[in-house]
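J.: Please find one structure pasted underneath; my questions will follow.
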Amino acid sequence: MRLSSLIRLCWILLALASGSARAALPLQVAGEPLPSLAPMLEQVVPAVVNISTVTRIEAAEHPLMRDPFFRRFFEMPPEHRHREGNSLGSGIIVDAERGLVLTNQHVIAKASEIRVTLHDGRTLVAELVGADPETDIAVLRIPAEDLAALPVVDSDALKVGDFVVAIGNPFGLSQTVTSGIVSGLGRSGLGIEGYESFIQTDASINPGNSGGPLVNLRGELVGVNTAILAPGGGNIGIGFAIPANMARAVMDQLVEHGSVRRGLFGVAIQDLTPELAAALGIARRDGAVVSAVEPDSAAAAAGLQEGDVILAINGAAVKGADDLRNRFGLLRVGSRVELEISRGGKTHRLKGTIADPYAAFVEGHRVAPGLAGALLGELDRRGGVPALPVGTVESGSPAWNVGLREGDRLLQVNGQRVASLRDVAQVLRQTGDILSLRVQRGDDLVVLARR
């Protein structure tokens with residue numbers, strides 16, 4: 001090839017390369033537009049936030065440090081009194097007018113300070129409205145100024161195979177988008193939370209995605225990303241999200257009360273197995289079998305009997321015992337319940353009311369001023385060790401400030417064993433104030449000491 005021809009060819013190739021570098025991707029192929037999630041994501045992403053927390057962990061104190069004399073001479077300098085830890089997660093603005101942000105409880109657990117970073121770069125200090133460890137849902141409030149919110153839709157309408165998109169901040173990489181399908185519905189028995197009815201998806205969910213949205217192709221919130229199944233420590237395509245219906249029901253109670261006020265129905269249930277169905281003469285396989293009914297309970301008042309099979313609750317078909325337990329767990333105290341049951345081969349409809357589990361509890365201020373804000377019950381021998389159960393505890397109250405929380409079981413006051421509320425009142429009359437409380441919290445024994 002002559003040199004002039006080679007130079008001309010090089011110029012042609014450079015011109016073509018330059019033109020292709022400036023050319024945009026085609027909007028259509030064979031007259032059809034290319035599919036893209038970009039238009040939907042432009043509407044959704046501004047409602048997704050990054051959440052960071054600061055947790056101050058108090059250094060362990062020797063019992064002698066409670067004595068003012070020893071404190072005066074041996075107290076640690078301020079820089080050694082606590083350690084700080086940080087966590088990262090995601091959140092969803094669900095109410096722009098009120099500045100409400102939905103996230104996971106484990107994202108903000110034990111946080112001393114919560115910061116929310118918006119899509120436009122603003123970082124705001126958030127107020128914790130309330131949290132529910134049983135469902136792993138928490139609600140935050142931020143200043144309601146120029147916010148975008150996601151619409152929340154009926155997650156019961158989801159079907160396996162529906163396309164979904166997960167958005168969050170995995171590993172600190174903000175506004176990361178992954179897509180996939182709904183791989184399963186109503187997943188339970190995983191031991192992740194107290195109430196489980198997860199949406200399973202193969203859209204990649206990684207550490208930092210917790211609390212972020214799972215949306216449908218219309219950009220509507222159908223779930224809150226919360227967990228992954230990762231035996232090897234990485235994403236293997238099995239992620240779980242809390243259904244939007246469950247998250248919304250919990251959020252409404254947290255906004256109204258600051259906590260979830262679960263009622264009591266007084267019934268024990270189990271799955272309807274093929275063997276039980278055959279024994280009870282039932283052709284269908286969905287439902288939950290009543291294995292026990294507590295005397296004088298709301299279930300007994302409704303007319304439920306051992307051996308009944310609950311087929312539906314408030315018009316919604318019951319898939320199994322876990323499904324029914326979740327539905328009961330989201331009902332408020334005083335809610336009306338209509339049950340469709342099978343008994344002796346015939347279908348019946350029963351009506352009942354969710355009872356208040358703390359109806360017989362005593363307001364703490366009637367026992368002692370330092371217990372104001374808590375509801376306290378008489379001796380309960382369930383749960384392992386006989387103890388006094390603690391009901392709801394109002395945030396910021398004297399009982400809250402001393403460390404009591406709902407679900408605690410009170411064992412000792414100021415080092416003395418208590419077997420009744422009268423014992424508590426007597427101990428505090430003698431000592432004058434709460435110095436320490438020993439409680440059972442879950443499987444742990446915890447000592448709460450006034451500082």
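J.: Go through G442, G407 for me and flag whichever is buried (at least 16 other Cβ atoms within 10 Å of the Cβ), within 23 Å of the chain's Cα centre (by Cα) and either assigned by TED's automatic domain parsing to the domain that holds R366 or not basic (K, R) (or both).
T.: Within the list G442, G407, the selection yields G407.
J.: With respect to G189, determine if the residue is in the same structural domain as D323 (by TED's automatic domain parsing), surrounded by fewer than 18 Cβ atoms within 10 Å (Cβ to Cβ) and at pLDDT below 80.
T.: no
J.: If A278 meets every condition in (1) without any contact (Cβ under 8 Å) to a residue 12 or more places away in the chain; (2) in a strand (DSSP E or B) apart from one, which number is that one?
T.: A278 satisfies every listed condition except (2).
J.: Hey, another quick one. Does L304 satisfy the condition of being surrounded by fewer than 18 Cβ atoms within 10 Å (Cβ to Cβ) and more than 14 Å from the chain's Cα centre (by Cα)?
T.: Criteria not met by L304.
J.: Has region 369-377 got at least one residue that is more than 15 Å from L404 (Cβ to Cβ) and surrounded by fewer than 20 Cβ atoms within 10 Å (Cβ to Cβ)?
T.: No; the residues of region 369-377 include none that is more than 15 Å from L404 (Cβ to Cβ) and surrounded by fewer than 20 Cβ atoms within 10 Å (Cβ to Cβ).
J.: Here's a check for you: in region 137-165, which residue that is of a type in the set (G, A, S) and more than 13 Å from P243 (Cα to Cα) is farthest from the chain's Cα centre (by Cα)?
T.: Checking each candidate, the answer is G161.
So that you can scan it fast, the table gives a plain yes or no per residue for (1) within 23 Å of N326 (Cα to Cα); (2) crowded, with 21+ Cβ neighbours inside 10 Å; (3) in the same structural domain as A316 (by TED's automatic domain parsing):
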site	(1), (2), (3)
P133	yes, no, no
I137	yes, yes, no
A148	no, no, no
F163	no, no, no
N169	no, yes, no
G180	no, no, no
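J.: A further question on this structure: Which of (1) at negative phi; (2) more than 33 Å from the chain's Cα centre (by Cα) does S395 not meet, given it meets every other one?
T.: With respect to (1) at negative phi; (2) more than 33 Å from the chain's Cα centre (by Cα), S395 is out only on (2).
J.: How many residues does region 157-174 contain that are in a loop (DSSP other than H, G, I, E, B) and at pLDDT below 75?
T.: Count: 2.
J.: Return the only residue of A111, A149, A131, A138 being outside any strand (DSSP E or B) and in contact with a helix residue (DSSP H, G or I) (Cβ under 8 Å, 6 or more places away or on another chain).
T.: It is A149.
J.: Only one of these conditions is not met by P295: (1) surrounded by fewer than 19 Cβ atoms within 10 Å (Cβ to Cβ); (2) touching a helix residue (DSSP H, G or I) at 6+ places or on another chain (Cβ under 9 Å); (3) without any contact (Cβ under 8 Å) to a residue 40 or more places away in the chain. Which number is it?
T.: (2)
The values are calculated or read from the model by the stated rules, or taken from the named source; none is laboratory data. None of these values were measured; they are calculated from a predicted model. In this analysis, Cβ positions are derived from the backbone assuming ideal geometry, glycine residues included, and neighbour counts consider all displayed protein chains.
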